[in-house]
Structures are given as C-alpha cells and as structure tokens.
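A short worksheet on the structure shown next.
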Amino acid sequence: MSCDVFQLAQQGVQGLKPYQPGKPIEELEREYGIQNAVKLASNENPLGMSEQVKQAIQDSLPEMARYPDGNGFILKQALAAKHQVDMDCITLGNGSNDVLELIARVFLTPESAAMYSQHAFAVYPLVTQAIGAKHNAVAAKDWGHDLTAMQAALTPKTRVIFIANPNNPTGTWVNKTELKAFLQAVPEDKIVVVDEAYIEYVAEADYPDASQWLNEFPNLIVTRTFSKAYGLASLRVGYALSHPDITNLLNRVRQPFNVNQFALVAATAALQDSQYIQDSVKLNQAGMQQLTEAFDSMGLSYIPSVGNFIAVDVGQGDAIYETLLRKGVIVRPVTAYQMPQYVRVSIGTEAENAQFIQALKSCMAS
Ligand SMILES: *Cc1c(COP(=O)(O)O)cnc(C)c1O
C-alpha cells in the first residue's frame, strides 16, 4: 500500500493491545513437544460439560444449516424465570465479553470516560480503548476494588463504571454494604456494570447478588456468563440483565445472530442441571483447599480468592510461567495486570492441581 494504513485507523484502535488469551494445550504440545500438558490458565470448568448439555447439543445437530433464533427465545425464557425478570430485561451475548463490548459501544464516546479498578479484568480497558474513550483507572486497595476511592474519582465525564465481583485475576470481592452504598452514591446518568462471571462459586454470606437490585437502580447492568461454572466456554454465551430501556439500546448494536443455536440449547439445558453446578462448586472448594495448603507448606503467599482461580506470589511471574510451560503446565502470567510477582492458576481436578503443585515445587527449587 502506498499510504500507511495504520494512520487510517481510528485513534483508539491505534493504541490497542489485543487481549492475551491463555495458551491452548495443543499449541504448547506442538511448540514444546510435550504430552499430557494441563491447562489451568482460563478459569474453565475442569469437569467438562454436563451430560444433559451434551444430549441437547446432539438433539440440535440437524438444525446446523439454519440460522439460530436471533431473539434467543428459549434461553431468554429460562433466564427470565431464573431471575424473576421480564424477557425485555435480558440481552444475550456471544460470551459476556460481547455484552461488555455492546455496553461500551452504546455508552462510551471519545469525550467520555470508563472507570475501572487497577488489577481489574482486562476486557474493561480493552473495550474502552477500542472506542477511543478515556480511561479512569482507580488504584486498588488490598488488590481489590476501592469503592470509596472510585466514588471520589467520579467526574462529569465518567459514563460507565465496570466492577468485577469477584474480580479476575485477583479473586477479591466487594460486600453487600459497600456495593449498595456505591450504587446509591453514583448519579443516575452513569452506567454501573457489575460483572458476576464467577457468582456460582461464591459462598460468602455477605456477597451481593446485584441482579436483585435491578428495580432500584435503572442505571445498573449485571453481566453473567456460561463460560465458567456452567462449563460452556467454547460455545460463547453470556448475558446482561438491566432495565428494558438499556436492553433496548444494547440490542440496537447487537449482531442479529450473535448467539449460535448450540449455545442457545446448551445454555438452556445447563440451567436445568443444578447437580452439575453443585458438583463443580464442590470440586472447586476442594481444589482451592488443595492449592492453598500447598502454597502454605511452600511458604508462598497468595491473594485469598472466592473464584475458581487464585493468584500466587512466585517472585518472578513471567519466568515461572515459562518454566511451568516447559513442564507441561499452563498458568496465566499477570504482569500485564501490574502483578509481575504473581501467576494466576485456575482450580483444576485433583490430579491437575497435583501436577501443577509438583511442577511448581520443582520450579521454585531450581
Ligand atoms: C471469564 C470472564 C468473563 C466471561 O467471559 P465470556 O466472554 O463470557 O467467556 C467475564 N468477566 C470476567 C471477570 C471473567 O473473568
């Protein structure tokens, strides 16, 4: 090309650093000639999918050649019953990532700002940058969201506030009192997004399910996903709950068929399989204990987590990540999250956790 195509791009895109996903197992095995690698890098459900989901997908296979229901009726109906809301409060997404992007496209402009916490989920700065909007990152407190500081940092330009509860990669959470007080303090002309991707794992009595507050706060959006506890990460399906006026706006920019047929039937079936969620949560609690006991015995400090992952202080995160790769264990480096001493590890099966612990011990010894 005779002109520099980079200069043609929108300013925000010029400054964009793409999301770094967890390394796929096949890639590691191909690049390093390793077998039996384990991936504990993307907070996926180690149980695999539920049998009921598998059956629903098999039953749906003959529909492959047809477009999916662009309105996602069966899934929205099931979600409306689960959350006791009208269907016009629900926006379906190709993963909740898609929904976060819709929110940015609807509400952010180059003149306005998105607020999020230091160490918060990378997608918030990313969707903000893609619009060319301003960043309003607020310093964390004890690795978690400092809602008092966030309230103090609001400006007339702040249009969207992202709160991950619990947060990834830190596993920290905000309690009912703190979150409610924050929502009450934020003016109604600012959209507050509470991302509850890991809610199914949280057992703390004082943890707020923000979806209960939709009637009170017309500027609240709650996002959920089927990628984590529901075990459907590859299908890409998530959703937002909000006031119908917000749903209406989000659906204007949504692709007409953003959630595919298999995702729709799988998510609908997954909602019926409460045993699978119970088993997943139980496995996660046992695995969390297995890992924290190992860290304690190794003298490693970690950030207490209520999710299905934990950030552990290994001194040099990037180096340990690389060494673990060579031993066939994929974790997540978090230097990009301003946590260079840490790696984040997802809770796996007992055997996967044991393989990780053994590899980590041999890394730390050398
Ligand atoms: C994994 C994750 C999501 C969900 O992503 P999907 O696009 O639904 O797969 C959303 N928010 C946070 C904080 C996450 O860690």
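The values are calculated or read from the model by the stated rules, or taken from the named source; none is laboratory data. In this text the structure is predicted, and so the values were computed from the model without any measurement. Cβ sites come from the backbone with ideal geometry, for glycine too, and all protein chains shown count toward neighbours. Quick note on the areas: whole protein, heavy atoms, side chains included, nothing else; ligands and nucleic acids left out. Shrake-Rupley method; radii C 1.70, N 1.55, O 1.52, S 1.80 Å.
Taking only the alpha carbons of the stretch 206-302, we obtain Rg and Dmax values of 17.9, 53 Å in that order. With both residues required to sit in the chain, DSSP beta bridges show an antiparallel share near 50%. Each of I357, Q84, P340 was placed along the dipole of the chain (beta-carbon charges, centred on the mean Cα), and the one lying farthest toward the positive end is P340.
Could you tell me which trypsin sites (Lys or Arg not before Pro) in the stretch 42-104 are loop residues by DSSP with no more than 16 other beta carbons within 10 angstrom of their beta carbon? Provide the component values of the computation, followed by the final result.
Numbers: sites: K54, R66, K76, K82; in loops: R66.
When the trypsin sites (Lys or Arg not before Pro) of the stretch 42-104 are filtered for loop state and at most 16 Cβ neighbours within 10 Å, R66 remain.
Dividing the radius of gyration of the alpha carbons in the stretch 1-60 by their Kirkwood radius gives 1.23 for Rg/Rh.
Taking all protein chains in place and a 1.4 Å probe, what share, in percent, of the accessible surface of the stretch 1-134 do carbon and sulfur account for? Can you show the working numbers first?
Values: 3790 of 7390 Å².
Taking all protein chains in place, the stretch 1-134 shows 51 percent carbon and sulfur surface.
Kirkwood hydrodynamic radius of the stretch 228-362, from the reciprocal of the average inverse Cα-Cα distance over all distinct pairs: 17.4 Å.
Rounded to the nearest whole Hz, the Karplus-based 3J(HN,Hα) values (6.51 cos²θ - 1.76 cosθ + 1.60, θ = phi - 60°) of the stretch 73-86 follow the sequence 3, 4, 6, 4, 4, 5, 5, 4, 5, 4, 9, 6, 10, 6, with x at glycine and proline.
Could you compute the net charge surrounding W143? Neighbours are other residues with a C-beta less than 14 Å from the C-beta of W143; K and R count +1, D and E count -1.
On the way: positive: K141, R344; negative: D142, D146, D313.
Net charge around W143: -1.
On full extension, the segment bounded by E350 and Q272 gains 25.5 nm, given 0.36 nm per residue less the C-alpha separation. Kirkwood's formula applied to the C-alpha pairs of the stretch 118-216 gives a hydrodynamic radius of 14.0 angstrom.
Percentage of Cα-Cα pair distances in the stretch 192-237 greater than 11 Å, rounded to whole percent?
69
Per the 1.4 Å probe, what fraction of the accessible area of the stretch 259-305, in percent, lies on carbon and sulfur atoms?
Working: 1070 of 2100 Å².
The C+S portion of the solvent-accessible surface of the stretch 259-305 is 51 percent.
Under 37 °C and 0.692 mPa s, how fast does the chain diffuse according to Stokes-Einstein, given a Kirkwood radius computed over C-alpha pairs? Answer in µm²/s, whole number. Translational D for this selection: 153 µm²/s. The heavy atoms of L75 present about 0 square angstrom of accessible area, all protein chains included, probe 1.4 Å. On a C-alpha basis, how far is the centre of the stretch 307-364 from the centre of the stretch 230-261 in Å? Whole number, if you could? Taking the Cα centre of the stretch 230-261 as reference, the centre of the stretch 307-364 is 32 Å away. Helical runs (DSSP H, four residues minimum) scored at -39500 (n - 2.57) apiece and divided by the length of the chain put the mean residue ellipticity at 222 nm at -12000 deg cm²/dmol. Among the GluC sites (Glu not before Pro) found in the stretch 49-131, those both in a DSSP coil and sparsely packed, with 12 or fewer other Cβ atoms within 10 Å of their Cβ, are E111.
Which aspartates and glutamates, if any, have their Cα less than 19 Å from the Cα of K180, not counting same-chain residues under 8 positions apart? Answer for K180, where 19 Å is the Cα cut-off: D146, E188, D189, D195, E196, E204, D206, D209, E216, listed by chain and number.
Per residue, how much accessible area does the chain show when a 1.4 Å probe rolls over the protein heavy atoms, in square angstrom? Let's see the in-between values first.
Numbers: 16780 Å² over 366 residues.
About 46 Å² of surface per residue is accessible.
Partner lysines whose Cα lies under 27 Å from the Cα of K23, excluding those fewer than 8 positions away in the same chain, are identified as K39, K54, K228, K282, K327, K361. Taking amide H as placed 1.01 Å from N in the peptide plane, K134 has its amide H under 5 Å from the amide H of S112, A113, A114, each at least 5 places away in sequence or on another chain. Among the GluC sites (Glu not before Pro) found in the stretch 150-221, those both in a DSSP coil and sparsely packed, with 13 or fewer other Cβ atoms within 10 Å of their Cβ, are E188, E204, E216.
Treating cross-link reach as a plain straight distance, find the lysines whose alpha-carbon is under 17 Å from the alpha-carbon of K17, omitting any fewer than eight places away in the same chain. Once the sequence-local lysines are set aside, what remains near K17 is K134. For V127, what is the net charge nearby, where nearby means another residue's Cβ is under 15 Å from its Cβ and Lys, Arg count +1, Asp, Glu -1? Neighbourhood net charge equals +2. Once Rg and the Kirkwood radius are both taken over the C-alpha atoms of the stretch 44-92, their ratio Rg/Rh works out to 1.05. Within the chain, what's the longest stretch lacking chymotrypsin sites (Phe, Trp or Tyr not before Pro) that sit in DSSP loops with no more than 15 other Cβ atoms inside 10 Å? Excluding the exposed sites themselves, the longest stretch runs over 20-256.
Binning the alpha carbon pair distances of the stretch 1-113 at 5 angstrom intervals from zero yields the distribution 2, 7, 9, 12, 14, 14, 15, 12, 9, 4, 1, 0, expressed in whole percent.
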